[in-house]
1. Name the single residue that is most open to solvent (accessible area, probe 1.4 Å) among those in region 135-189 being closer than 16 Å to residue 123 by Cα and hydroxyl-bearing (Ser, Thr, Tyr).
2. Sort out which residues of region 13-56 are among the aliphatic types (A, V, I, L, M) and touching a residue at least 40 places away in the same chain (Cβ under 8 Å), and write them in order of number.
3. Tally the residues that are outside any helix (DSSP H, G or I) and within 12 Å of residue 59 (Cβ to Cβ), restricting the search to region 21-42.
4. Out of everything in region 1-32 that is open to solvent by less than 50 Å² (accessible area, probe 1.4 Å) and either among the hydroxyl-bearing types (Ser, Thr, Tyr) or in contact with a His (Cβ under 7 Å, 6 or more places away or on another chain) (or both), what residue ends up being modelled with the highest pLDDT?
5. In region 51-62, what count of residues is obtained for those that are open to solvent by 60 Å² or more (accessible area, probe 1.4 Å) and not polar (S, T, N, Q)?
6. Go through region 110-126 and give me each residue that's under 9 Å from the mean Cα position of the chain (by Cα), open to solvent by 30 Å² or more (accessible area, probe 1.4 Å) and of a type outside the set (D, E, K, R).
Amino acid sequence: MATPEEMLQTMISNMPEKTGKSLDEWRALLGSTDLAKHGDIMKLLKGEHGVTHGFANTISQLYLKPELLAPKTNSGNEDDELLKGKEAIADIFKSVKAQFEAINGEVEFSYKKTYISLRTPKKQFALLQPSTKTRVDVGLNLKGVAPEGNIEAAGSWNAMVSHRVKLTDPSQVDDNLAAWLQKAYDANC
């Protein structure tokens, strides 16, 4: 399955054929208007230009937030950025990340502003987040599996996952955690 970034590139590539204009042409057209709200742009694109909802949404989002198209740089310092001001938990974070790297299967690490989204070839199965100066949180997507031990229900913490593990000590990064990470990966392939 394609990543969100690949899906966006496919939409952009298909735009001239499906909408009659390239993204740059749509941006130029929108730049000649005084529209600044997503809803107004959607109304114009769908109503006056017959653009389907999905393409209108993509055009509008990329017009209003051109930074979404900025290439992601891989400086090798992504972990350092996530851990800035939270260096005390670096050992826990790096140990858990190593467990994700050791999973039996293809794991994609997708860096976000405050966490790493971990994906199977099909979808997100976990996230790794240095939440506070003293705690790393691991979220697992294991709907229908009862939490046990230090694996708890995620509740309202993050809607993308069903389970949460709060790690405050390197000793908590153990074989039991590794087994849960593999279980989440396997459940989402």
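The values are calculated or read from the model by the stated rules, or taken from the named source; none is laboratory data. Keep in mind the model is a prediction, meaning the values are calculated, not measured. Here the Cβ is made from the backbone with ideal geometry for all residues, glycine too, and neighbour counts use every protein chain on show. To get the accessible areas, we keep the full protein, side chains included, count just its heavy atoms, and leave off ligands, DNA and RNA. Shrake-Rupley method; radii C 1.70, N 1.55, O 1.52, S 1.80 Å.
1. 162
2. To start, the set of residues in region 13-56 that are among the aliphatic types (A, V, I, L, M) comprises 15, 23, 28-30, 35-36, 41-42, 44-45, 51, 56.
15, the sole residue that qualifies.
3. Taking region 21-42 as the starting set, the residues that turn out to be outside any helix (DSSP H, G or I) are 21-22, 32-37.
When the remaining residues are screened for being within 12 Å of residue 59 (Cβ to Cβ), the result is 21-22, 35.
Number satisfying all stated conditions: 3.
4. It comes out as 19.
5. So the answer is 1.
6. Result: 111, 115.
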